[in-house]
Every structure is written in C-alpha cells, then in structure tokens.
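Okay, here's the structure, questions in a sec.
Nothing in this text is a laboratory measurement; each read-out follows from the coordinates by a stated rule. The structure presented is a predicted model; accordingly, all values stated were derived computationally and were not measured. Quick reminder, even Gly has a Cβ in these numbers, built from the backbone with ideal geometry, and neighbours come from all protein chains shown.
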Amino acid sequence: MQRTCVFVVGHEDWGKSLTLRALTKGNKHQRRTTINEEEFYIRRMSNDDQPGSYVLFIKSLDTSRHPRVIAALCPNFERTDAQTAFILRTLQQKRYQLFFWVIKHQYRTSEIVTADEISRLREFGRVEVFQDIVEASTRTTHFRDFITRAVLR
C-alpha cells in the first residue's frame, strides 16, 4: 500500500479543524475516516496549534499502522517554531507521498495563503488550491473530492 499524507492547509483560525471535523460528521474525537473504502488516520491539531506536539507526532508516525494520514498544516515556512519544512522532509524520509489541499482564503476576511507559501508546498508534493469562500461542510465535500481524484486514483 502506498503511503500518503494529505494536508488541509491554511493559517491559524482558517477553518482547517472545522473542515476535518465535518469530515467525521462533527465527531471531533474520531481519529479515522474511510473514503472510497480506504481508511485514513486523522490529525486535526495543526503545527500552528501545538508545534512541539505536532513534531513529535510526525517523528513517531508508524507507517505500518498509519499508511494513510490526513492532517491539518499551517504553511508558514518562516516561523522556526512551526518547523514546516522539517515536518515535510521527515514525512518524505518515511516515504510518504504528500498532497496539499490549500484553503486559499480565510473565511470572512481578506487574508490569503500567499503564492510564495503555495510555491514552497509544491516543492514537497502535489498542491490543489481551493479558491471558494464557503462553510466547512461545503469545503469538506471538495476536500473529499480532492482525495478521490488526486490521492486514490
């Protein structure tokens, strides 16, 4: 089985966790979901929520127990505490194929994930930029479609 890690990408208070919660029908404690008969382990807390805990999670990730992972990610490559590049390199060393589903616009603000941040993500894997400004449940439908089209093809 191919190892894959699919990220919902956005900055702090961007709706990453809400998108992932909608993926599990509102159950914030559910750690697994099935998409097209493939099971994914879910990590909702992002590297901008708990940087130390996130790095420990990535380092301890067992590829045999969790070959398919869905996680939230902040694309801030400038903050040293987030260690974004380190996180992504570590996953690549574990032979995960990386996919990034970027929520470009913060809901109800004019903030965006920048072209530079998107470009950096492309250095690590496949990127799809989601442009629409919609509620979490609608974002989740599009995220699921991305996984079906890009990851499980």
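Place a point 7 Å from the Cα of residue 39 along the Cα-to-Cβ direction; which residues of the range 93-132 have their backbone N under 20 Å from it?
96-97
With label points built 7 Å along Cα→Cβ from the Cα atoms of residue 149 and residue 31, find their separation and express it in nm.
Once both label points are built, they end up 3.2 nm from each other.
For the chain, build the charge dipole from Cβ charges (+1 Lys, Arg; -1 Asp, Glu) around the Cα centre, then report which of 143, 9, 129 sits farthest towards its positive end.
Toward the positive end, the furthest listed residue is 143.
Can you give the convex hull volume of the alpha carbon atoms of the range 57-123 per residue, in Å³?
Here the figure is 103 Å³ per residue.
Among 3, 149, 139, which comes first, then next, by fewest other beta-carbon atoms within 10 Å?
Ascending Cβ contact count within 10 Å gives the list 149, 3, 139.
Would you list which lysines come within 18 Å of residue 28, measuring only between C-alpha atoms, while excluding same-chain residues fewer than 8 positions from it?
Straight-distance partners of residue 28: 16.
Rounded to two decimal places and with Rh computed the Kirkwood way over Cα pairs, what is Rg over Rh for the range 15-153?
With Rg and the Kirkwood Rh in hand, the quotient comes to 0.92.
Given R₀ = 30 Å, FRET efficiency for residue 90-residue 141 by Cβ-Cβ distance, to 0.05?
E(calc), rounded to 0.05, equals 0.45.
Classify the range 1-87: rounded, prolate or oblate, from the alpha-carbon gyration tensor (a ≥ b ≥ c, eigenvalue square roots; a/c under 1.5 rounded; otherwise prolate if a/b is larger than b/c)?
Verdict is oblate for the range 1-87.
Show me 71-78, 14-21 ranked by packing, highest mean number of other Cβ atoms within 10 Å first.
14-21, 71-78
Here's another thing I want to ask about it. Would you calculate, for the chain, the mean residue ellipticity at 222 nm contributed by helices, counting each DSSP H stretch of 4 or more residues as -39,500 (n - 2.57) and dividing by all residues, to the nearest 500?
So the calculated ellipticity at 222 nm is -9000 deg cm²/dmol.
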